[in-house]
Amino acid sequence: MSNAPEPDDPLALQAQLCFAVYSASRALTGLYRELLAGTGLTYPQYLVMLVLWEQGTVPVKELGERLRLDSGTLSPLLRRLETSGLVRRIRSSQDERVVRVALTQRGTALRDSVEHIPHHVLCSSGIPENRIPELRSLLERVTSSAEAASVEVRASTEPTSNKEH
């Protein structure tokens, strides 16, 4: 008796889209870990820095939305970046609930030492450069569709309120 899944088994690991995406994500994150080793940045910190290099000073809320991170995950990341002297958090004088994140000189200068990374990752992907926009588009579609489906599932499984009480 073999443990090999049937070819049409919907629960076969290799048939799962989620596993293919998960495996690719882990492999890419591992590559980034190696490429970022000399910078002192983790992959999530690198993502924060990418947004700041692209946009300049950004409200924490907007940064979380761009990176799809909640405040419980983002706050410690920002604290470590601030401790490293790469960013500073600035509370708004008009509304003290609003905190903006800005690059320091050191954070701005770090950009030069990581500028080669996207090209290195692209070359390491095994995908022709002209196909990358198509892959990115497909992954963005998977992300938005999965997020929408998650909202629908959550809404359909929430208990209805009991109005008799």
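Just checking: which of the helices (runs of 4 or more DSSP H) contained wholly in segment 104-165 hold 1 or more residues that are under 26 Å from M49 (Cβ atoms) and in contact with a strand residue (DSSP E or B) (Cβ under 8 Å, 6 or more places away or on another chain)? Reasoning before the result, please.
Working: elements: 105-114, 117-124, 132-157.
Hits in segment 104-165: 105-114.
Can you work out which of the residues in segment 23-43 that are outside any helix (DSSP H, G or I) and touching a helix residue (DSSP H, G or I) at 6+ places or on another chain (Cβ under 8 Å) is surrounded by the fewest Cβ atoms within 10 Å (Cβ to Cβ)?
Of segment 23-43, the ones outside any helix (DSSP H, G or I) are 40-42.
Subsequent filtering for residues that are touching a helix residue (DSSP H, G or I) at 6+ places or on another chain (Cβ under 8 Å) retains 41-42.
Details: L41: 23, T42: 16.
Checked segment 23-43; the qualifying residue surrounded by the fewest Cβ atoms within 10 Å (Cβ to Cβ) is T42.
Quickly run through segment 44-94 and pick out the residues that are in a helix (DSSP H, G or I) and basic (K, R).
Step one: filter segment 44-94 for residues in a helix (DSSP H, G or I), giving 44-55, 60-67, 71-83.
Selection gives K61, R66, R79, R80.
Which pairs turn up if I take residues in segment 81-107 that are in the same structural domain as L47 (by TED's automatic domain parsing) and look for partners that are part of a helix (DSSP H, G or I) and aromatic (F, W, Y) with beta carbon separation below 8 Å, at least 6 apart in sequence or on another chain?
L103/W53
Within segment 2-20, does at least one residue satisfy the condition of being of a type in the set (S, T, Y), surrounded by 12 or more Cβ atoms within 10 Å (Cβ to Cβ) and either outside the structural domain of I127 (by TED's automatic domain parsing) or at pLDDT below 95 (or both)? Break it down into steps so the answer makes sense when it comes.
Residues of segment 2-20 that are of a type in the set (S, T, Y), as a first pass: 2.
Cutting the leftovers down to surrounded by 12 or more Cβ atoms within 10 Å (Cβ to Cβ) gives us none.
Among the residues of segment 2-20, not one is of a type in the set (S, T, Y), surrounded by 12 or more Cβ atoms within 10 Å (Cβ to Cβ) and either outside the structural domain of I127 (by TED's automatic domain parsing) or at pLDDT below 95 (or both), which makes the answer no.
What number of residues within segment 32-77 are over 15 Å from the mean Cα position of the chain (by Cα) and touching a residue at least 60 places away in the same chain (Cβ under 8 Å)?
4
The values are calculated or read from the model by the stated rules, or taken from the named source; none is laboratory data. Because the structure is predicted, anything quoted here is derived from the model rather than measured. In this analysis, Cβ positions are derived from the backbone assuming ideal geometry, glycine residues included, and neighbour counts consider all displayed protein chains.
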